[in-house]
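Data block below; observations after.
The values are calculated or read from the model by the stated rules, or taken from the named source; none is laboratory data. Just so we're clear, the structure is a prediction, and the values are computed from it rather than from any experiment. In this analysis, Cβ positions are derived from the backbone assuming ideal geometry, glycine residues included, and neighbour counts consider all displayed protein chains. Just the protein is used for accessible areas: all its heavy atoms, side chains included, with ligands, DNA and RNA removed. Shrake-Rupley method; radii C 1.70, N 1.55, O 1.52, S 1.80 Å.
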Amino acid sequence: MKKNEVAMSAHTVNISETERWLSSIAGAAMILSGLKQRSVGGALRAASGAALLTRGASGYCPAYASVGRSYSRIYDTREALGGRCGVHVDESITINRPAADVWAIWRDFESLPNYIPSLKSVTRTDATRFHWEAIGPGRRSIAWDAEILNEIPNELIAWRTIGEPDVVSAGSVRFVQSKGRGDTQVHVRLQYEPAGGKSTAAIAWLFGKEPGQLIRAGLRRFKAIIETGEAPTTAGQAHGKRSLLHYAQRSHA
Amino acid sequence: MRALVWHGKNDVRVEQMPDPKILNPRDVILRVTTTAICGSDLHLVNGVIPSMQAGDILGHEFMGEVVEVGKENQKLKVGDRVVVPFTIACGGCFFCEKALWSLCDNSNPNAWMAEKLWGYSTSGLFGYSHLTGGYAGGQAEYVRVPYSDVGPLKIPASVTDEQVLFLSDILPTGYQAAENCDIQPGDTVAVWGCGPVGQMAIRSAFLLGAGRVIAIDNVCERLEMARDRNGAETIDFSHQDVFDRLKTITGGRGPDSCIDAVGLESHGGSFDAYVDKAKMALYLATDRPSVLRQAIHACRKGGVVSVPGVYGGFLDKVPFGAAFQKGLTFKMGQTHMMRYMQPLLERIERGELDPSFVITHRFPLARAAEAYDLFGRKQDGCIKVVMKPHDLVH
């Protein structure tokens with residue numbers, strides 16, 4: 001996981017062509033009228049205009065990026081995840097199967113709870129939208145709706161949350177088949193909104209203090225099931241008398 | 001069932017507990033017929049391997065009879081007699097496909113712990129701390145064997161338990177140590193440590209064409225076994241300077257390859273060994289590598305240092321300059337068991353090898369704690385202990 005990653009943010013485009021023009025024209029107009037006034041208010045207006053002009057010229061809006069939103073023609077969700085705000089998770093694992101196989105398994109969202117223990121269910125609501133429910137410590141459940149933003153067979157799946165979910169997030173999974181080998185690198189990028197309130201609290205317990213760790217554990221389990229048909233475990237195995245310390249540690253885990 | 005349970009430094013006990021169950025589709029449950037205490041179990045009992053938990057069942061050298069089979073296991077059936085390798089391998093990952101079995105990507109459920117310490121996780125091991133999976137071990141009446149369609153080797157009725165038990169660890173481990181030396185006909189191989197792995201390495205070095213093997217230890221009966229049973233020349237480090245002696249008897253050139261069959265708790269009488277011991281006692285060091293230092297120093301130019309002895313942490317004062325300047329090659333790691341088990345079984349069946357020569361003591365499992373103490377203190381000429389979990393004789 002790389003926190004505070006500024007990944008590509010300054011150089012990416014997340015605003016549509018029309019909005020860029022509107023932004024630039026409005027910005028230029030505000031600068032001109034603000035400078036004419038030669039007052040504090042005028043200076044502020046000019047400064048806001050400069051921000052709009054920059055936004056239009058660069059095609060990048062930090063506000064949009066922070067919620068993983070992109071209306072750009074290029075429409076690459078890898079860029080939508082590149083905002084300065086939020087917590088970023090960037091994890092990868094190599095799976096000993098061709099990209100087409102791994103992609104197909106991942107694309108079947110409704111089966112993902114078999115791989116990721118903290119997911120309770122994933123239900124399709126229409127062609128590109130899914131309702132997700134997760135369960136964690138304390139049996140508390142949180143839910144969100146997500147839509148697929150982008151999908152390139154055998155290469156990429158990207159999504160973001162919609163409506164008013166408990167969790168505002170966006171993510172992508174990239175599948176890269178190794179050259180000359182039958183295995184596939186799976187890169188997960190996930191960003192979620194630290195806006196405060198309910199969503200932050202929910203995400204905090206869902207991911208713990210190290211959000212990368214849960215994603216990493218999920219990926220490892222996903223890999224083990226694909227490669228071996230089962231996830232390694234010792235839960236429920238024979239053991240001698242445990243110490244009180246052992247149970248104390250367990251309840252915190 | 002009864003099993004030998006770790007409770008802390010120098011505290012192991014035989015306890016009663018519920019029998020193991022099948023937890024995954026490829027598991028089997030084994031009724032353990034013979035098991036052994038390994039030198040590396042002493043690292044656990046001495047408290048130098050982190051991430052042990054009170055209640056853990058020890059034991060990674062065991063064999064037995066299959067009594068229950070998971071529904072996805074196509075290879076084993078009830079009644080099969082098998083030896084189980086101490087490393088657990090899934091058979092489906094990149095590393096298993098390359099026969100790097102001990103580096104399996106999937107078998108350690110605590111991979112995150114190992115990644116923190118070593119960057120990447122290696123395979124799960126039986127009864128060897130939670131860093132390598134926390135799997136319950138085989139010093140027990142019954143044991144669960146995960147991914148059991150990959151590791152366990154079926155054993156014909158024509159050989160006894162004691163002849164094949166050491167296919168579970170020390171024989172392949174000693175053999176891999178010798179193979180890693182890339183022995184050319186007539187080579188001289190020096191072996192530090194004449195415990196069971198050292199003895200297997202000596203025997204294997206001769207099998208692979210070594211002209212001379214020089215064995216180094218300070219325990220009288222172990223040196224005797226190396227000399228009388230296995231044909232090695234010996235150096236007793238409590239009476240002789242190892243480096244000077246090795247240099248002299250190799251005509252000033254040094255051994256072609258050096259095997260460190262001791263690992264992180266070497267007991268050398270040299271100054272650096274005492275410093276290491278003090279640092280370890282104060283938690284200033286994780287490993288005591290005085291044998292490794294000696295092996296690097298003594299090895300001939302362009303030679304191989306092969307390390308079957310276990311290391312776990314960060315080593316101080318390793319003479320890397322000598323290693324670099326002499327152009328040494330290092331080979332090490334846990335044993336890739338399944339490369340060796342079948343061919344070594346065939347050698348045992350043909351009568352070319354009988355590793356049971358290392359056994360000095362036999363105990364019922366009920367007296368396992370006493371056996372650990374005897375083995376740990378090298379009392380009564382103890383070199384290798386085997387135990388019969390279902391033997392009720394006290």
Is at least one residue of the range B:111-121 touching a residue at least 24 places away in the same chain (Cβ under 8 Å), within 12 Å of chain A (Cβ to nearest Cβ) and either within 23 Å of B:Cys38 (Cβ to Cβ) or in contact with a strand residue (DSSP E or B) (Cβ under 9 Å, 6 or more places away or on another chain) (or both)?
-> yes
Does the range A:226-235 hold any residues that are surrounded by 17 or more Cβ atoms within 10 Å (Cβ to Cβ) and at the interface with another protein chain (Cβ under 7 Å from one of its Cβ atoms), and which are they?
-> A:Glu227, A:Thr228, A:Glu230, A:Pro232, A:Thr234
Among the residues listed as B:Lys326, B:Lys388, B:Lys331, the single one being within 17 Å of the chain's Cα centre (by Cα) and surrounded by 15 or more Cβ atoms within 10 Å (Cβ to Cβ) | B:Lys331
Check the range B:368-381 and report whether any residue there is open to solvent by less than 40 Å² (accessible area, probe 1.4 Å) and within 15 Å of B:Val159 (Cα to Cα).
-> no
Candidate set: the range B:274-290, residues that are surrounded by fewer than 18 Cβ atoms within 10 Å (Cβ to Cβ) and among the charged types (D, E, K, R); chosen: the one farthest from B:Asp260 (Cα to Cα) | B:Lys279
Somewhere in the range B:355-368, is a residue touching a Pro at 6+ places or on another chain (Cβ under 7 Å), assigned to a helix (DSSP H, G or I) and either farther than 24 Å from B:Thr173 by Cα or not assigned by TED's automatic domain parsing to the domain that holds B:Leu284 (or both)?
-> yes
Scan of the range A:236-248 for residues that are of a type in the set (A, V, I, L, M, F, W, C) and within 7 Å of chain B (Cβ to nearest Cβ), ordered by number | A:Ala238
Kindly provide the set of residues from the range A:171-192 that are part of a loop (DSSP other than H, G, I, E, B) and more than 17 Å from A:Lys223 (Cα to Cα), ordered by number.
-> A:Lys179, A:Gly180
Identity of the residue in the range B:85-102, surrounded by fewer than 24 Cβ atoms within 10 Å (Cβ to Cβ) and of a type in the set (A, V, I, L, M, F, W, C), that ends up nearest to the other protein chains (Cβ to nearest Cβ) = B:Phe94
Checked against (1) in contact (Cβ under 8 Å) with a residue 60 or more places away in the chain; (2) over 22 Å from the mean Cα position of the chain (by Cα), B:Gly92 satisfies every condition except (1)
Do you know which of the residues in the range B:181-239 that are touching a residue at least 40 places away in the same chain (Cβ under 8 Å) and among the acidic types (Asp, Glu) is surrounded by the most Cβ atoms within 10 Å (Cβ to Cβ)?
-> B:Asp187
Can you spot a residue in the range B:124-144 that is over 21 Å from the mean Cα position of the chain (by Cα) and either assigned to a strand (DSSP E or B) or within 20 Å of B:Lys21 (Cα to Cα) (or both)?
-> yes
Strands (runs of 3 or more DSSP E) lying entirely in the range B:1-84 (those with 1 or more residues that are within 14 Å of chain A (Cβ to nearest Cβ)) = B:2-8, B:11-16, B:28-37, B:61-69
Is it the case that the range B:32-48 has a residue that's modelled with pLDDT under 95, β-branched (Val, Ile, Thr) and open to solvent by 20 Å² or more (accessible area, probe 1.4 Å)?
-> yes
Just for the range A:140-154: of the residues that are outside any loop (DSSP other than H, G, I, E, B) and among the polar types (S, T, N, Q), which one is nearest to A:Ala99 (Cα to Cα)?
-> A:Asn150
